[in-house]
Amino acid sequence: MATARSSFESSLEDVGVSVTSVETASFREQLDETVTPPAVGVPLEEAFDEPSLSLADTSVTGDPTPATLREATTGVTGAQLGIGDYGSLALTPTDRASELVSLFVDRHVAVLRESDIVPDMDTAIETVHDEIDRTGHSVILATGPSATADMGALVTGAHGPRDVHVLIVDGE
Amino acid sequence: MATANELRELMRTEGAAVETNTQAFNEGRYESVSDLEEYEELKREARATKEDAIERLPELLDQLTETVEENGGTVYLADDAADANAYIRSVADERDAERVVKSKSMTSEELDVNEALAADGVDVVETDLGEWVLQIADEAPSHIVAPAIHKSRDAIADLFNERFDPETPLETAQELTHFARETLGERILDAEVGLTGANFIAAETGTMALVTSEGNARKTVAATDTHIAVAGVEKIVPTVADFHPFIELIGRSGTGQDITSYVSLLTPPLETPVVDFSDDTTPISAFDADREFHLVLVDNGRLAMREDDQLRETLYCIRCSACSNSCANFQSVGGHAFGGETYSGGIATGWEAGIEGLDVAGEFNDLCTGCTRCVNACPVGIDIPWINTVVRDRRNREREEPAEWLVDGLTPDEEDEGAPLQKRFFGNFETVAKLGSATAPLSNWFADADLSRRLMARLLDIDPRRELPTFERETLVEWFADRESTVSDPERRAVLYPDLYTNHVQVDRGKAAVEVLEALGVDVVVPPVPSSGRAPLSQGMVSTATDHATRVAETLNPHIEAGRDIVVIEPSDYAMFQREYEKFLDEATFTELADGSYEVLEYVYGLLENGADTSALPDVDAEVAYHSHCQQRTLGLEPYTVAVLEDRGYDVSTSDVECCGMAGSFGYKSDYYELSMDVGERLREQLQDDGVRGRPVVASGTSCLEQIDALLERQPRHPVELLVE
Ligand code: SF4
């Protein structure tokens, strides 16, 4: 696991994504430090089935109104996988609108459990295949901030976030 | 066909931007794939997946239709563009759509769906920034991945400032991007329908992969309630697991990114709630995900391509753009010249032939010179030059040209009657060369005479600015017949293949090769052998080339069976033996010749590795500049020449341009002379660089030698000539 994690972190650095790690116990304080307000988020307890990963008592507004989302600078969602060799995140669009929260903001903070880091794309696609086959869901493989070179030079922050941060929740 | 004037104009107006961008992509590709350990393995996997999927297409189509409908979507199989557009218009109409937002999709370009929707009064907005620029400028894409590659930042800034008149004029890429994001962001939120393409679709689950960087495809789908995806039927693969090799290869092969920012694996309809973005009282999760999904699968000639043994490979194409970026001609002129109605670059010939017809493909397919630099770059291993050759051949057969007695005399070719005069002249260069040597020096004088040059210019479109090859009176075969072998106790025995140019024009390099091989203890013979068929093949004269292949194998294979190695000087002929002959000969004959033949410096390398006595070769301490040959590099042979020269004490600096621009007869043709020189300019710059400028130049290919001769004061030589004193 250690190698998958370290390769994930160095891949994140290569694609311009910052990363911090946190113990479950200090999750909320860390989250507050990570977001740039105003921040909105998708409740994480359900996604991770882990009550301590809650947005309650943080500066992040869980389940915001669409208008609040549009005003927000930061969007907090869970990520289902971290992919070691590419620094990619697997994001599952849910009925709690995680797709909107991760996309219609300037800064996306993705919360990822350490145990969900896989070594490579090969493994990730296998997992994603099983998941889609089972649930009929969709998955976004997101690597780095949105970007374009269409205006004559590479610019980060095209239609999507210009800044991505991963908060890794340390495992047992 | 683009005329010399049109090409010149394109090179002047768009050439610089196209060159900078395609070269950056191409270099990015080399870098990115070199980091990928399983690169070749992934390419094989990708190829196998596509072969299997196209083979099983009818079955996968049924499966996909069933799955999508089970998921709650609709599938429409459109016969052609009009059919697809009629369906898309009906969906927009039923939704009462005032606006359709689009993410980038080449298939939608193929349909001209924007025009169809606009005719109904629907506001169609391209949200990919490059596509949006073109929509504002009312221009066509010049590249299949980066559509506005021909526009510089300044040109985009001028366009935006003129059209939108912002308070402070826009200038930097950052400002332009920000402006586009804000403007388009608003329009996306107001739209009812989102129209996307699909890079791959899994039949098992109905999941589509959308490969993008900007995030506009995600927004296009998430912010609208009706999603229409348009895709060619060839995009279907069995399962999501089959996406794997493509996900790793597509970005690397195209723009040189390891992976693009977003690979959306969507199984519509999405769970994402459809929200009213102005609502500030209802929490987002309280909105319903009331979504509609329509998958429009487009045939438009594809199912017929599937039945066509030569064009079928085109359907494996994943539209990565590697064959555009790695193409020297494309780097100079871009997709506005090297492209048809929709697609551009080397593979466009296959797409346009299958979708639009041979006429459209024939408009630009002469720009493929068959250099093969795209072949190893293609992630699904399509033989792109072969598709171009096939289409050229079909075009030749389609048209009737009146016979001209003079040229007929020079080009007696019964089989390829249809090819135009110029193509038949170059295609039958063997006859020309034989006549040239037999009548030298008269033929050389004739070739240079003003009147005959004018005749050539008029009848054959040979550019008067090109120097013509000078034929030697004594051919290599004749020279060799008069001499005794110098090797009494040979280490190995070989046939030196007297390719057309070595035999008639560059006889010195042939003599040098004989001397070097003998110095290394090889017993050499130089029998008369037919020419390889490279010349007719490059003109699309496939049956003539096949005839050459048969006769060459009939002559050479008995030598192989008698224990001789076949050594070839001219890389383009050697490449025939290794690659194209596979299509012309039965497998056993092909394999025997391919396995039994060696490029000359590869052969020397082998002799040195096996401990040949090198005392008769020169030892030097000198510098040299080496330009390998395009086809030679595709076959991975460049390192042998470099290693041999280094072994002899040379410090070798190598060029890394994809092609010299000459490419056989291409650079002789009036229409292409200037393009050929534009491509050559990149090689000239490298050979004139600091630290290279003073070095003598060697090059492996005949064309390259001629081109370098035209580009530089320094007279280039073949590397084998450095090995004799
Ligand atoms: S033919 Fe090959 S290299 Fe060219 S665009 Fe298609 S997949 Fe890419």
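The values are calculated or read from the model by the stated rules, or taken from the named source; none is laboratory data. Please read all numbers here as calculations on a predicted model, not as lab measurements. Counting neighbours? That spans all protein chains shown, and the Cβs are built from the backbone with ideal geometry, glycine included. The protein model used for the area step is the full one, side chains on, heavy atoms only, and it has no ligands, DNA or RNA in it. Shrake-Rupley method; radii C 1.70, N 1.55, O 1.52, S 1.80 Å.
Is there a residue in the stretch A:96-109 that is under 17 Å from A:SER18 (Cβ atoms), more than 7 Å from every other protein chain (Cβ to nearest Cβ), surrounded by fewer than 24 Cβ atoms within 10 Å (Cβ to Cβ) and hydrophobic (A, V, I, L, M, F, W, C)? Scanning the stretch A:96-109, I find no residue that is under 17 Å from A:SER18 (Cβ atoms), more than 7 Å from every other protein chain (Cβ to nearest Cβ), surrounded by fewer than 24 Cβ atoms within 10 Å (Cβ to Cβ) and hydrophobic (A, V, I, L, M, F, W, C), so the answer is no.
Whenever a residue of the stretch B:1-17 is more than 11 Å from B:GLU674 (Cβ to Cβ), its partners that are open to solvent by 90 Å² or more (accessible area, probe 1.4 Å), lying with C-beta atoms within less than 6 angstrom and at least six residues away or across chains, give the pairs B:MET1/B:GLU363. Beta carbons closer than 9 Å, at least 6 apart along the sequence or on distinct chains, pair a first residue in the stretch A:86-114 that is free of Cβ contacts under 8 Å to residues at least 24 places away in the same chain with a second that is assigned to a helix (DSSP H, G or I) for A:ASP95/B:SER285. Would you check if there is a residue in the stretch B:292-305 being within 15 Å of the ligand (Cβ to nearest atom) and open to solvent by 10 Å² or more (accessible area, probe 1.4 Å)? Scanning the stretch B:292-305, I find no residue that is within 15 Å of the ligand (Cβ to nearest atom) and open to solvent by 10 Å² or more (accessible area, probe 1.4 Å), so the answer is no. Counting only residues that are more than 7 Å from every other protein chain (Cβ to nearest Cβ), in a helix (DSSP H, G or I) and open to solvent by 10 Å² or more (accessible area, probe 1.4 Å), the stretch A:110-147 holds 9 of them. Pick from A:ASP95, A:ASP122: which is acidic (Asp, Glu) and touching a His at 6+ places or on another chain (Cβ under 8 Å)? After ruling out the rest, the residue left standing is A:ASP122.
Taking B:GLU248 as the residue in question, decide whether it is within 30 Å of A:PHE104 (Cβ to Cβ), of a type outside the set (A, V, I, L, M, F, W, C) and not in a loop (DSSP other than H, G, I, E, B).
yes
Considering only residues that are part of a helix (DSSP H, G or I) and surrounded by fewer than 24 Cβ atoms within 10 Å (Cβ to Cβ), look in the stretch B:306-352 and name the one that is farthest from the ligand (Cβ to nearest atom). Selected residue: B:GLU307. For the stretch B:143-165, a tally of residues being open to solvent by 30 Å² or more (accessible area, probe 1.4 Å) and either within 16 Å of the ligand (Cβ to nearest atom) or outside the structural domain of B:LEU129 (by TED's automatic domain parsing) (or both) returns 1.
Taking B:LEU249, is it within 29 Å of B:ASN300 (Cα to Cα), within 9 Å of chain A (Cβ to nearest Cβ), of a type in the set (A, V, I, L, M, F, W, C) and in contact with a Pro (Cβ under 7 Å, 6 or more places away or on another chain)? No. When B:THR220, B:THR260, B:THR183 are screened for being outside any strand (DSSP E or B), within 16 Å of the ligand (Cβ to nearest atom) and among the β-branched types (Val, Ile, Thr), only B:THR260 passes. Taking the stretch B:246-302 as the range and being within 22 Å of B:VAL91 (Cβ to Cβ) and among the hydroxyl-bearing types (Ser, Thr, Tyr) as the test, the residues that pass are B:SER264, B:THR267, B:THR272.
Note on the stretch B:210-221: residues that are touching a helix residue (DSSP H, G or I) at 6+ places or on another chain (Cβ under 8 Å), at the interface with another protein chain (Cβ under 9 Å from one of its Cβ atoms) and under 10 Å from B:LEU266 (Cα atoms) amount to 1. Taking the stretch B:591-656 as the region of interest, the helices (runs of 4 or more DSSP H) fully inside it that hold 3 or more residues being within 25 Å of B:ASP690 (Cβ to Cβ) and in the same structural domain as B:PRO719 (by TED's automatic domain parsing) are B:638-647.
The single residue among B:ASP112, B:ASP83 that is open to solvent by 40 Å² or more (accessible area, probe 1.4 Å) and more than 14 Å from chain A (Cβ to nearest Cβ) turns out to be B:ASP112.
Against the condition within 14 Å of the ligand (Cβ to nearest atom) and either closer than 23 Å to B:ARG306 by Cα or not basic (Lys, Arg) (or both), how does B:GLY357 come out, does it pass? Please lay out each step first, then the result.
Numbers: within 14 Å of the ligand (Cβ to nearest atom): no; either closer than 23 Å to B:ARG306 by Cα or not basic (Lys, Arg) (or both): yes.
Criteria not met by B:GLY357.
Only residues that are touching a residue at least 40 places away in the same chain (Cβ under 8 Å) and part of a helix (DSSP H, G or I) were counted in the stretch B:71-105, giving 7.
Collect the residues in the stretch B:18-60 that are open to solvent by less than 20 Å² (accessible area, probe 1.4 Å), of a type outside the set (Val, Ile, Thr) and part of a helix (DSSP H, G or I), keeping them in residue-number order. Selection gives B:ASN26, B:GLY28, B:ARG29, B:SER32, B:LEU42, B:ALA46, B:LYS50, B:ALA53, B:LEU57, B:LEU60. Checking each residue in the stretch B:135-177 for being facing chain A (nearest Cβ under 10 Å) and not in a loop (DSSP other than H, G, I, E, B) picks out B:ARG153, B:ASP154, B:ALA155, B:ILE156, B:ALA157, B:PHE160, B:ALA173, B:GLN174, B:GLU175, B:LEU176, B:THR177.
The residue list B:SER278, B:SER285, B:SER253 contains one member that is within 15 Å of the ligand (Cβ to nearest atom) and polar (S, T, N, Q), which is B:SER253. Considering the stretch B:484-559, the qualifying helices (runs of 4 or more DSSP H), each wholly inside and each with 1 or more residues that are touching a Lys or Arg at 6+ places or on another chain (Cβ under 8 Å) and within 24 Å of B:ARG717 (Cα to Cα), run over B:500-504, B:507-519. Check whether at least one residue in the stretch A:148-160 is more than 10 Å from chain B (Cβ to nearest Cβ) and either within 20 Å of B:THR260 (Cα to Cα) or aliphatic (A, V, I, L, M) (or both), and report yes or no. Scanning the stretch A:148-160 turns up no residue that is more than 10 Å from chain B (Cβ to nearest Cβ) and either within 20 Å of B:THR260 (Cα to Cα) or aliphatic (A, V, I, L, M) (or both). Assess whether B:PHE364 counts as being more than 11 Å from the ligand (Cβ to nearest atom) and under 12 Å from the mean Cα position of the chain (by Cα). Against the criterion (more than 11 Å from the ligand (Cβ to nearest atom) and under 12 Å from the mean Cα position of the chain (by Cα)), B:PHE364 does not qualify. Considering the conditions (1) out of contact with any His (no Cβ under 9 Å at 6 or more places or on another chain); (2) open to solvent by 10 Å² or more (accessible area, probe 1.4 Å); (3) within 11 Å of chain A (Cβ to nearest Cβ), B:VAL263 is excluded by exactly one of them, (2).
Within the stretch A:91-129, the set of residues being within 21 Å of A:LEU55 (Cα to Cα) and hydrophobic (A, V, I, L, M, F, W, C) comprises A:LEU91, A:ALA97, A:LEU100, A:VAL101, A:LEU103, A:PHE104, A:VAL105, A:VAL109, A:ALA110, A:VAL111, A:LEU112. Tell me whether the stretch B:114-123 contains one or more residues that are within 16 Å of the ligand (Cβ to nearest atom) and in a loop (DSSP other than H, G, I, E, B). No: zero hits.
Taking the residues in the stretch B:560-590 that are part of a helix (DSSP H, G or I) and free of Cβ contacts under 8 Å to residues at least 40 places away in the same chain as candidates, determine which candidate is most open to solvent (accessible area, probe 1.4 Å). It comes out as B:GLU587. Evaluate the stretch B:377-393: report whether one residue or more is within 14 Å of the ligand (Cβ to nearest atom), surrounded by fewer than 22 Cβ atoms within 10 Å (Cβ to Cβ) and in a loop (DSSP other than H, G, I, E, B). Within the stretch B:377-393, one or more residues are within 14 Å of the ligand (Cβ to nearest atom), surrounded by fewer than 22 Cβ atoms within 10 Å (Cβ to Cβ) and in a loop (DSSP other than H, G, I, E, B).
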